[in-house]
Amino acid sequence: PAEARGIAGFMGNWFELSASDGQLSIVRSGRTLDLNQAGGDNRRVTGPDEWLDQYGRFGFDAGGSGTTTSDAWSNITLSPDFSSTAEVIAELYPQSGGGRLDGVFALDPEVIAALLPYTGPVSVAGSDIPLDASNATDFLLVGQYQTADDGVRVDMLESVSGAVISRIFGGALPNPAILARDLGPLARKGRLLGWSALEPEQDLFRAAGLAGELPMLDGGDGVGVVFTNVAANKLDPYLGRSVAYRSSVDPESGITQSTLVVEVSNDAPTTGFPEGVIGNYTDDPVGTNRTRMSIYSALPIVSASVNGESVSTRSGVEGGWIVNSLTLAIAPGERIEVAIQFDGWLASAADLDRGGAHRLVRFTQPLVLDETQSITVNDVVGRELVVAAGTSTGISRFMTTGQASEGSVLSSD
């Protein structure tokens with residue numbers, strides 16, 4: 001997540017694992033670059049269709065020919081829907097030097113840190129301080145990038161993740177109850193994800209909160225904001241974000257009008273790091289965070305603005321959500337405001353006067369800095385149906401009956 005993608009961050013290192021007769025082992029491992037360079041020019045991704053419609057132009061449908069480009073694996077985690085992404089990985093990996101896959105897992109530096117109490121500290125070449133649960137996350141997100149030698153840095157990342165994975169599969173795991181206690185919160189935040197090609201196993205991942213799928217709208221309202229770093233730098237540990245969503249629902253007609261205001265700040269340094277960390281490939285000043293912001297909604301957008309100036313967005317559909325995207329360039333020390341207006345009809349709102357429920361689902365991308373949120377949903381006479389505020393992680397669902405009284409406050413998971 002130092003370089004944001006839809007599923008938290010880009011894929012840095014990978015491991016192919018085997019389970020045979022109850023024995024777990026590492027078959028192969030490497031860097032994203034290894035997969036990018038393998039397989040030649042004839043690799044193809046055939047689906048899912050919505051995934052390709054949204055992300056094919058980022059290296060998965062070269063020139064409309066259907067083949068991938070040489071940097072496809074660097075963008076493999078663009079979608080916030082892990083299930084679709086894992087299907088793409090399972091199809092592309094055998095074409096990139098690997099074998100058939102039965103499943104895919106993803107984990108970020110916070111999960112690595114959570115596993116270190118089981119494995120013990122890990123030594124890092126060139127550092128006198130071993131990594132443990134107290135310092136691993138900060139090192140992997142910020143500290144490792146302070147070295148000017150990119151080759152050494154890549155070796156650091158691989159040595160840390162490799163040591164942890166090897167020790168875990170060498171028998172360091174505690175009993176399942178302790179593991180669920182320690183890793184469950186990280187799964188709920190979307191920092192630990194799992195997918196299986198077998199549907200019964202995938203159902204188990206869903207039940208355990210590991211599937212990382214876009215939540216179902218089921219006729220209700222919904223909103224999510226996803227950032228993708230497009231400058232190929234490592235400045236997203238300094239990207240702050242807050243989301244305010246205000247909605248007015250007419251129970252008689254089902255017409256819903258909403259406003260989303262997203263404040264984005266960039267507190268990135270301009271010195272003290274190598275060019276590959278604070279620079280960019282987009283000719284922006286040092287320290288600039290250039291990001292593609294995608295707004296996921298149940299309602300269509302009627303207008304969008306950045307700092308009060310009207311802007312256009314690129315529209316698409318993914319997982320039953322409307323997706324609108326725009327690109328932002330945030331200078332170091334700058335704070336910008338994006339405002340979106342929505343207008344449309346929701347089936348759940350139309351049911352309010354018949355004892356139905358107004359439903360709102362909110363999902364949050366697990367970046368380095370947690371997102372703050374403020375949500376208010378009123379009916380047309382001003383009664384509060386949903387009020388929520390605070391730090392948002394993972395998926396939150398809100399529901400209220402149509403008979404809410406003035407001042408009612410409801411929130412859920």
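At a glance:
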item	result
Estimated FRET transfer efficiency when R0 is 30 angstrom, pair Ser303-Glu252 (beta carbons, to 0.05)	0.75
Charge context of Asn36, other residues only, Cβ under 13 angstrom, K/R +1, D/E -1	-1
Length-normalised contact order of the chain in % [C-alpha pairs under 8 Å, at least 6 apart]	16 percent
Cβ charges +1 (Lys, Arg) and -1 (Asp, Glu), total dipole of the range 1-145, debye	320 debye
Cut-off 14 Å between beta-carbons: net charge of the residues surrounding Pro117, Lys and Arg +1, Asp and Glu -1	-1
Lys/Arg +1, Asp/Glu -1 at C-beta; the range 141-275 dipole; positive extreme among Gly219, Thr256, Ala207	Ala207
Volume per residue of the C-alpha convex hull in the range 115-157, rounded to whole Å³	67 Å³
Nearest-20 debye value, the chain charge dipole, Cβ charges on Lys, Arg, Asp, Glu	280 debye
Structure-derived Cα extents along the principal axes in Å - corresponding label in (i) 64, 52, 47; (ii) 164, 58, 34; (iii) 72, 58, 39	(i)
Average silhouette area of the range 165-283, convex hull of alpha-carbon atoms, in square nanometres	13.3 nm²
Cα pair distances exceeding 22 angstrom across the range 144-228, given as percent	52 percent
Mean projected area (nm²) of the alpha-carbon convex hull when the range 40-172 is viewed from all directions	9.7 nm²
Net dipole in debye of the range 67-158 [+1 Lys, Arg Cβ; -1 Asp, Glu Cβ; about Cα centre; nearest 20]	140 debye
FRET efficiency, 1/(1 + (r/R0)^6) with R0 35 Å, evaluated for Trp345 and Ala232 via beta carbons	0.30
Probe 1.4 Å - accessible area at Ile336, Å² to nearest ten	10 Å²
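The values are calculated or read from the model by the stated rules, or taken from the named source; none is laboratory data. Note that the coordinates shown come from a computational prediction; the quantities given were computed from them, not determined experimentally. Here Cβ is always computed from backbone atoms with ideal geometry, including for glycine, and neighbour counts include all displayed protein chains. Accessible surface is based on the protein model in full, side chains and every heavy atom, while ligands, DNA and RNA are left aside. Shrake-Rupley method; radii C 1.70, N 1.55, O 1.52, S 1.80 Å.
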